[in-house]
Structure formats: structure tokens, C-alpha cells
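The structure appears right after this line, and notes come after that.
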Amino acid sequence: MNISVFLGAPGSGKGTQAKRLAEANGFKHFSTGDMLRAAMSEGTETGKKAKMFVDRGDYVPDDVMIQLIQDALSPLPASSKIILDGFPRTLPQAEALDKNAKTKVSKAIFFDMPQSLLVERLTGRRTCSKCGEPFHVKFHPPKKANVCDKCGNPLIQRKDDAEDVVTRRLDVYNNQTAPLIEFYKKTKKLSQIDANTDVDTVYEQLLKQLSK
Ligand code: AP5
Ligand code: MG
């Protein structure tokens, strides 16, 4: 498999870019955050295990996450082009991927973004309740207030985009996920892009890195 990992703080634009790449370039996009939110709204066993952690901005335990991603990847053919958005987020998760020859990571793309700007991106985000398309009240407003441009369903604010939970998520990211930058640097898989620019420019940088 050709697996590219999107690494970056909450709000750095991973989901926005991954959705666009999947639509335009035939990548399969797996967002573990979206998968958990779907599991929580369906009330599955995984959703029940995850809810308390997600709602307060903490990470869901590694064993639950590793199982979730293994179940998603194992049925796919070896020729698949995959984007993992939000996985791995810890060293044990990264090691679990590399342990299996089929799911070895090809590239890790780090979305570099000053932390001071992330709170505004996250607290202003609105997400489609049906298709998950992300909008922003200031940076990417929908054509009609609170309605998804793509599918016409209502937009919602994620519970974990409340300011106090955002602060917690950023702390957890700095403690548990930032070390993965070094991990992928050491294995020569890391590329860095400037995520503090407009969506089109970030996308151009991504295409360049993915074609290398
Ligand atoms: P998850 O849903 O993955 O959240 P996250 O990593 O915190 O990332 P976000 O989705 O908040 O940000 P993003 O980078 O996708 O930004 P987006 O494109 O939306 O995870 C949620 C929770 O699930 C975690 O807290 C944890 O509890 C759990 N979880 C998930 N995976 C896990 C794992 N592997 N292990 C353990 N627990 C796990 O953009 C943000 C906003 O900015 C949007 O409004 C967008 O419109 C706007 N925007 C995007 N790009 C730009 C730009 N270039 N300029 C201006 N605005 C922009
Ligand atoms: Mg996201």
C-alpha cells in the first residue's frame, strides 16, 4: 500500500486537504476523528469506549485506535493509495503501522502552523452534520449561513471545538503527537508544508510533496 500520514496539530487543515485530495486524486481518506464521531453517533462498542475521551479532548486508548485502523485497512487491496488523517498520534500507533509490511508508512506530511492561530481556526469551524465538509465562519463561510454548500444539510459546531476543550487538545497534541515529527524525521519519511497560508496554496504544496 501507499500510505501517507497527515501529521499536524488540531485545526492545521488536515481534514480540509485530505477531503480535496480524495475527491480529485483517487486517494482513500481515513480520518480517525470522523470514524470515531460516526461510531459515537451510531452507539457502537467503539463509540461507547471513545466518547468520554473525545468529549474532553483526550486521546482514545491506543488498543482501540489500532484495532479501528487495522479493521479499516485490512480489506483493501495492496495497490491502494491511502491518506491517514489523524492516525498515528502516538508512538505505539506509529509502530503498529510499521510492524505490518502491508501497512508500512511511505510518507509523513507535517502541517506546520503557529499554535497561536489554531484556537481561532477551531472555535470558528462549522462542520456539515451529514457529509462532514468543514467550513469556517471567517476563513471559509458557507454561501448560505449554517447550510452545507455541498449537500444542503445543516452545519454544526463540534462539541470538542469549544474553547476549553480546544486548549486541552492542543496540550495533548504537544505532549503525545509532536514527538512523531522526530520519529518520521529519523526514518527519512518526513516532509513539511506551511499550513499557515490559503487552502489552494497548501494544496499545491501537498501535491508537490506527494509526487516526490
Ligand atoms: P480529529 O477529528 O482528528 O481532530 P484533530 O486532529 O484535533 O483535527 P481537526 O479535525 O480538529 O483539525 P484538522 O487539521 O482536520 O483541520 P480542518 O481541516 O478541519 O480528532 C478528534 C478527537 O478524536 C481527538 O481529540 C481524539 O480524542 C480522538 N482521536 C482521533 N484520532 C485519534 C488517534 N489516532 N488516537 C487517539 N485518539 C484519536 O480545519 C480546521 C478549520 O480551519 C476549519 O474550519 C477549516 O475550514 C479552516 N481551515 C482549514 N484550512 C485553512 C486554511 N488554509 N486557511 C484558513 N482556514 C483554514
Ligand atoms: Mg480533521
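A short reminder: the numbers here are calculations on the coordinates, not readings from a lab. Keep in mind the model is a prediction, meaning the values are calculated, not measured. Note that each Cβ is placed from the backbone with ideal geometry, even for glycine, and that neighbours are counted across all protein chains shown.
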*Would you say Arg169 is surrounded by 13 or more Cβ atoms within 10 Å (Cβ to Cβ), of a type outside the set (Gly, Ala, Ser), within 16 Å of ligand 2 (Cβ to nearest atom) and assigned to a strand (DSSP E or B)?*
no
*Cβ-Cβ under 7 Å pairs, at least 6 apart or on other chains, region 142-164 side closer than 22 Å to Val60 by Cβ and within 16 Å of ligand 2 (Cβ to nearest atom), far side among the polar types (S, T, N, Q) and not in a loop (DSSP other than H, G, I, E, B)*: Ile156/Thr127; Arg158/Thr127; Asp161/Thr123
_Search result, residues across region 1-28 that are more than 11 Å from ligand 1 (Cβ to nearest atom) and either within 14 Å of Lys159 (Cα to Cα) or of a type outside the set (Gly, Ala, Ser) (or both)_ = Met1, Asn2, Ile3, Leu21, Glu23, Asn25, Phe27, Lys28
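Which count do you get for residues in region 14-26 that are surrounded by fewer than 20 Cβ atoms within 10 Å (Cβ to Cβ) and not basic (Lys, Arg)?
Number of matching residues: 5.
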